[in-house]
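Taking it in order: structure first as structure tokens, then the write-up.
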Amino acid sequence: MKSRNRLVQKLLDDYAPIWALNHSMAVMTWDMETQMPEAGARPRGMASGQIAMMMQKGIVGMKGEVAKAEKSKDLNDKDRGVVRALAREMDYYVKVPPRLVDELQKVTTEGTVAWRSARKKSDFKAFQTYLQRIVDIEREVAEKLGYDKHPYDALLNLYEEGFTVRDADAVFARLIPGTKKVMDRVERAGTYPSKHPLDSAKYDTPSMQRVNEGIVSLLGMPKERFSMDVSTHPFTIGIAPDDVRITTRYEGVNFKAALFSTIHESGHALYELGIGEDIKYSPIGTAASLGVHESQSRFWENVAGRSREFSTLVMPLLRKNLSFTSRYKAEDLYLYFNTVGKSFIRVDADELSYNLHIALRYEIEKKVIAGDVKVSELPSVWNDTFDRYFGMRPPSDSEGVLQDIHWSGGSFGYFPTYSLGNVILGMIWHKMGDGKLVRESVSAGDITPLKEWLQSKMHRYGATYTPKQLQDRLFGEAYNPDWLLRYLEHKFA
Ligand code: MG
């Protein structure tokens, strides 16, 4: 990126080595998740700790220049974005003392190991002391960062810039009752099954790999800028604008899991690949927020991928590689892709009930961070809250409070971004003529118009704008859950 503003250009020049460190960290992360032998964890931790400190030093060192640039009068949108993005990164490093960052790093590394075995044994007590320490640190971090109204605001802002408890309360207050209504209607109508014979159909990995290769070529993923690997938990990482990697997983049964995780991660990858040439390698050459990122993955996974038109489109690919699908028509596939039913486990949830899982986590996290719920009370609070949302109680803590990895990693404030992804997806769907563009492109077998729409209106700006500004510019409003509800009604009821 180049800027005509002298101060901003200086910032961009000074950012170059920080970008390079970020780049190295991304390669190391990808390697750690896909290739690294177990014993590599220790030296990798040492190296990434050193690199993180170099990054911190580099960013904090730009403090004076950022302050000067902030006062500059002739800034265009991109310049303002650069200054804002750097100021935001700096804020964290300046306010949160290294001792706290270091402590959190250590306790979450140990905490994640403890959580894994606690979940296996459904033994909350084995995780409780770690979680207590993590919550204490998170609350301290919130105090250091500062907030207007609620300590949880400070944590939300780390994942979704400018998003507050007030915003989240407004979203869930409309989304949850609306979702419950749609769920009731769907249950009464009984059109969508809760189980399907294909759930238990076994496949062999090489065949499914060919399906996934067909999927990424159907989505037009650029071969020279993109790669696909295997990992336990699928993820996407943008190492550079021209080097985006996704992973997927193969469990040998229920092929839609592998199929939709590939589509989901490809949606994330398309976002990274679509960031504008003019802003690459700069502080704004990155996603606007986690919520916006998730809107892209879920758009491809749910709106496009789980549509009737898509079931027809992928049928030849499936029949060619997974012979057992030959017995099924496109409508059968559509119903298999869209089974609905309540689940204790968030990651198994269908498109309808997913946001209920997030709302209950949001409610609990907010109370924990405010100090209204004690860590020791979490299992019973979880079960009571779950009962209130779903009308059923988890039979064990591993199917309840212990199911997610997030808390063991210190990611308080992260969960709401999953629902924000869905909310933004609803706004995109509406802006596309209540899904008309999706139906037309997918049934024509050419998804280029969808890709171009998303790239030209969202991807190319990267983090030039805050997530709220980006939505305001495109939709004239931000985080409005009404369109998601309309989409769900349109599809399911
Ligand atoms: Mg995702």
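Taken across the stretch 310-326, residues that are open to solvent by less than 30 Å² (accessible area, probe 1.4 Å) and within 16 Å of the ligand (Cβ to nearest atom) do not occur at all.
Scanning the stretch 23-39 turns up no residue that is more than 25 Å from I246 (Cα to Cα) and either crowded, with 16+ Cβ neighbours inside 10 Å or assigned by TED's automatic domain parsing to the domain that holds Y250 (or both).
Answer yes or no as to whether T112 is closer than 30 Å to D91 by Cα and either polar (S, T, N, Q) or part of a helix (DSSP H, G or I) (or both). Show your work before the answer.
On the way: closer than 30 Å to D91 by Cα: yes; either polar (S, T, N, Q) or part of a helix (DSSP H, G or I) (or both): yes.
When the stated conditions are applied, T112 passes them.
Residues in the stretch 240-255 that are more than 16 Å from the ligand (Cβ to nearest atom) and surrounded by 19 or more Cβ atoms within 10 Å (Cβ to Cβ): P241, F255. Among residues of the stretch 264-279 that are free of Cβ contacts under 8 Å to residues at least 24 places away in the same chain, none has a Cβ under 6 angstrom from a residue that is more than 10 Å from the ligand (Cβ to nearest atom) at a sequence gap of 6+ or on a separate chain. Scan the stretch 209-216 and tell me whether some residue there is of a type outside the set (D, E, K, R), over 26 Å from the mean Cα position of the chain (by Cα), part of a helix (DSSP H, G or I) and assigned by TED's automatic domain parsing to the domain that holds Y461. No: the stretch 209-216 contains no residue that is of a type outside the set (D, E, K, R), over 26 Å from the mean Cα position of the chain (by Cα), part of a helix (DSSP H, G or I) and assigned by TED's automatic domain parsing to the domain that holds Y461. Just wondering, is there one or more residues in the stretch 439-457 that are buried (at least 20 other Cβ atoms within 10 Å of the Cβ), within 16 Å of the ligand (Cβ to nearest atom) and aliphatic (A, V, I, L, M)? Looking for residues that are buried (at least 20 other Cβ atoms within 10 Å of the Cβ), within 16 Å of the ligand (Cβ to nearest atom) and aliphatic (A, V, I, L, M), one finds at least one in the stretch 439-457, hence yes.
Of the helices (runs of 4 or more DSSP H) entirely within the stretch 428-493, those holding at least 1 residues that are over 30 Å from P283 (Cα atoms) and among the basic types (K, R) occupy 436-444, 482-492. Of all residues in the stretch 297-308, those satisfying the criterion of being more than 9 Å from the ligand (Cβ to nearest atom) and in a helix (DSSP H, G or I) are F299, W300, N302, V303, A304, R308. The set of residues in the stretch 222-239 being within 16 Å of the ligand (Cβ to nearest atom) and in a loop (DSSP other than H, G, I, E, B) consists of S231, T232, H233, P234, F235.
For the stretch 277-293, a residue qualifies if it is open to solvent by 20 Å² or more (accessible area, probe 1.4 Å), within 16 Å of the ligand (Cβ to nearest atom) and part of a helix (DSSP H, G or I), and the qualifying residues are L290, H293. When restricted to residues that are in a helix (DSSP H, G or I), touching a residue at least 60 places away in the same chain (Cβ under 8 Å) and within 16 Å of the ligand (Cβ to nearest atom), the stretch 405-421 contains 7.
Yes/no per residue for (1) in the same structural domain as G409 (by TED's automatic domain parsing); (2) charged (D, E, K, R); (3) at positive phi; (4) open to solvent by 20 Å² or more (accessible area, probe 1.4 Å):
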{"residue": "K95", "(1), (2), (3), (4)": "no, yes, no, yes"}
{"residue": "Q105", "(1), (2), (3), (4)": "no, no, no, yes"}
{"residue": "T108", "(1), (2), (3), (4)": "no, no, no, no"}
{"residue": "T112", "(1), (2), (3), (4)": "no, no, no, yes"}
{"residue": "A118", "(1), (2), (3), (4)": "no, no, no, no"}
{"residue": "E140", "(1), (2), (3), (4)": "no, yes, no, yes"}
{"residue": "L155", "(1), (2), (3), (4)": "no, no, no, no"}
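When the stretch 240-253 is limited to residues that are in a loop (DSSP other than H, G, I, E, B) and among the acidic types (D, E), the one that is farthest from V347 (Cα to Cα) turns out to be D242.
When N212 is tested against (1) away from the ligand (no atom under 16 Å from the Cβ); (2) more than 18 Å from K320 (Cα to Cα); (3) touching a strand residue (DSSP E or B) at 6+ places or on another chain (Cβ under 8 Å), just one condition goes unmet, and that condition is (2). Sub-7 Å Cβ pairs linking a first residue in the stretch 361-380 that is more than 16 Å from F127 (Cα to Cα) to a second residue that is among the basic types (K, R) and open to solvent by 20 Å² or more (accessible area, probe 1.4 Å), at least 6 apart or interchain, are I369/R139; V373/K367, ordered by first then second residue.
The values are calculated or read from the model by the stated rules, or taken from the named source; none is laboratory data. Please read all numbers here as calculations on a predicted model, not as lab measurements. All Cβ positions, even for glycine, are placed from backbone atoms using ideal geometry, and neighbour counts span all protein chains on display. Heads up: the accessible areas ignore ligands, DNA and RNA and are worked out on the full protein's heavy atoms, side chains in. Shrake-Rupley method; radii C 1.70, N 1.55, O 1.52, S 1.80 Å.
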